[in-house]
Amino acid sequence: MNIKKTLKLLGLVFVLFCIGVIVYIADYWNFIPKRYYPAEEFGIKTVTSSVDYNGNGIDDYTDIMIGARKDAENKPKYDGSYQSGGYPSDDIGVCTDVIWRAFKNAGYCLKDMVDKDIKENIGLYPNTAGKRDPNIDFRRVPNLKVFFERYAVSLTLDPTKIEQWQPGDIVTYGEKHIAIVSDRRNKDGVPYIIHNGGQPVREEDALTRQEISGHFRFDASKLNEIDLIPYEKVSDNF
């Protein structure tokens with residue numbers, strides 16, 4: 001084989017390699033549209049909440065998922081900077097902001113509920129180091145994980161038990177990331193998650209991309225009324 005043919009072959013191999021890399025990256029970041037499936041496709045019945053806290057005719061679990069999807073569609077810039085007053089503007093946020101915004105859509109003030117529990121049980125929240133800061137505590141994954149361990153139903157960590165993963169569930173990954181479970185599923189029935197890691201597509205097939213550390217379902221019917229705080233009554237009392 002002469003030098004020209006060798007160079008052409010190497011050039012072709014390089015081009016094919018580059019195309020493969022581009023396709024892989026595009027697929028990883030979901031630039032290539034994928035088909036998703038409803039729960040019914042797998043004979044799974046969607047679980048709904050018996051509670052409609054904000055009285056809008058939509059159950060809590062669905063409202064939470066819809067709220068997360070609204071944030072995903074808004075695509076806030078990834079920014080976890082400290083905010084005086086606690087709440088970041090709608091155009092910025094991180095993974096934890098998806099959660100309180102999702103709960104807001106169901107009528108709950110997650111910030112005040114977390115602040116209240118930290119005030120009353122600060123020793124259970126090691127991430128605070130014994131010092132409360134309502135401006136940021138509700139935007140920290142370790143604090144949310146403790147809160148949901150106390151006030152939500154803990155469920156399976158096994159993603160292969162696909163029927164136990166339902167829209168509006170909360171999933172944590174170590175102490176670094178948190179997401180809401182979608183009503184969309186991949187071809188194997190594993191649900192998508194809605195989250196903000198700064199990625200281009202916020203609702204994606206990524207449940208198993210990181211190690212799952214917690215899986216929760218917020219069932220308000222199991223809680224005392226005093227522990228539920230509506231978003232309309234946001235205050236600085238905590």
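For first residues located in the range 37-53 and touching a residue at least 40 places away in the same chain (Cβ under 8 Å), partners that are in a loop (DSSP other than H, G, I, E, B) and surrounded by 11 or more Cβ atoms within 10 Å (Cβ to Cβ) and lie 6+ apart or on another chain with Cβ distances below 6 Å form the pairs Ala39/Thr46; Phe42/Gly189; Val47/Gln166; Ser49/Asp59; Tyr53/Ala106; Tyr53/Gly107.
Residues that are among the polar types (S, T, N, Q) and more than 18 Å from Val201 (Cα to Cα) within the range 71-96 comprise Ser81, Gln83, Ser84, Ser89, listed in sequence order.
Restricting to the range 199-220, name every residue that is surrounded by fewer than 17 Cβ atoms within 10 Å (Cβ to Cβ) and either of a type in the set (D, E, K, R) or in contact with a helix residue (DSSP H, G or I) (Cβ under 9 Å, 6 or more places away or on another chain) (or both). Passing the criteria: Val201, Arg209, Glu211, Ser213, Asp219. Going through (1) touching a Gly at 6+ places or on another chain (Cβ under 8 Å); (2) more than 14 Å from Ser213 (Cβ to Cβ); (3) of a type outside the set (A, V, I, L, M, F, W, C); (4) surrounded by 17 or more Cβ atoms within 10 Å (Cβ to Cβ) one by one, Lys145 falls short only on (2).
Quick grid of which residues meet (1) assigned to a loop (DSSP other than H, G, I, E, B); (2) in contact (Cβ under 8 Å) with a residue 60 or more places away in the chain; (3) more than 15 Å from the chain's Cα centre (by Cα):
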site	(1), (2), (3)
Thr156	yes, no, yes
Val181	no, yes, no
Tyr192	no, yes, no
His215	no, yes, no
Ser221	no, yes, yes
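Val141 - would you say it is modelled with pLDDT of 95 or more, within 15 Å of the chain's Cα centre (by Cα) and assigned by the TED database to the domain that holds Lys187? Considered against the rule, which asks whether it is modelled with pLDDT of 95 or more, within 15 Å of the chain's Cα centre (by Cα) and assigned by the TED database to the domain that holds Lys187, Val141 comes out as yes.
Which one of these does Asp59 not meet: (1) out of contact with any helix residue (DSSP H, G or I) (no Cβ under 6 Å at 6 or more places or on another chain); (2) of a type in the set (Asp, Glu); (3) touching a residue at least 40 places away in the same chain (Cβ under 8 Å)? It fails just one condition, (3). Here Lys161 does not qualify as of a type in the set (Lys, Arg), touching a residue at least 60 places away in the same chain (Cβ under 8 Å), assigned by the TED database to the domain that holds Gly43 and surrounded by fewer than 21 Cβ atoms within 10 Å (Cβ to Cβ).
The values are calculated or read from the model by the stated rules, or taken from the named source; none is laboratory data. Since we're looking at a predicted model, the values are computed, not measured. Because the Cβ atoms are built from the backbone with ideal geometry, glycine has one as well, and the counts that use them run over all protein chains shown.
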